[in-house]
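The values are calculated or read from the model by the stated rules, or taken from the named source; none is laboratory data. Worth saying up front: this structure is predicted, and the values here are computed from it rather than measured. Cβ sites come from the backbone with ideal geometry, for glycine too, and all protein chains shown count toward neighbours.
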Amino acid sequence: MIRRVVAVFLALHGIVHVMGLLGSWRLADIKELPYTTQVLNGTVDVGDVGERLVGVLWLVGASAFVVAAIATWRTSEHWVRILSVATVLSLAACLFGLPASSIGVVIDLLILLAIGIYSTFGPAPLTQTVH
C-alpha cells in the first residue's frame, strides 16, 4: 500500500514539472513561475533558446518521474535506480529554475535522502554480493 502511495506522489511530482515546460516555452502564464531567461538563481542569462532548452529539461524530468511512478507501482526490480535518475534530472531542472522552484529542490533532496535510507536499510539490497 505504501509503495502505491509513493507512486502516486511521484506521478504528481512529475506532472508539476510540466508547469516548468509551459512557463519556459511561454505556453501558459504561470504566476509562480514567471518567464525569465535568467537561470541558476539569476546568475546566468541563457536567452530565449536556452530557456527553451531548460523547458525540455523540465519535460524530461516530468517524463522520468512518471516512468519512476509506474516502475514503483509495478514493483519493478529497477524502480530505485529509475527513481534516482528521475530525481537527479528533476533536481537539475529545479536548480536552473531557482528561486521559483525552491520547493522542488527541497522535495528532490528529500527523495534522494529517502532513496539513500531505503538503499541502506530497505528490505532488499540493491546489489548482490557474490561469494
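Restricting to region 88-109, name every residue that is of a type in the set (S, T, N, Q), within 15 Å of G42 (Cα to Cα) and buried (at least 23 other Cβ atoms within 10 Å of the Cβ). If the condition is that a residue be of a type in the set (S, T, N, Q), within 15 Å of G42 (Cα to Cα) and buried (at least 23 other Cβ atoms within 10 Å of the Cβ), then S101 is the only one that fits. Answer yes or no: is there a residue in region 112-125 that is surrounded by 13 or more Cβ atoms within 10 Å (Cβ to Cβ), without any contact (Cβ under 8 Å) to a residue 40 or more places away in the chain, more than 20 Å from V8 (Cβ to Cβ) and touching a Gly at 6+ places or on another chain (Cβ under 8 Å). No, region 112-125 has no match at all. Can you name the residue in region 1-51 that is in a strand (DSSP E or B) and of a type in the set (A, V, I, L, M) and, of all such residues, is surrounded by the fewest Cβ atoms within 10 Å (Cβ to Cβ)? Only one residue tops the list, namely V44.
Conditions tested, residue by residue: (1) within 20 Å of V16 (Cα to Cα); (2) at pLDDT 95 or above; (3) within 14 Å of the chain's Cα centre (by Cα).
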| residue | (1), (2), (3) |
| --- | --- |
| L59 | yes, yes, yes |
| T72 | yes, no, no |
| V88 | yes, yes, yes |
| F121 | no, no, no |
| L126 | no, no, no |
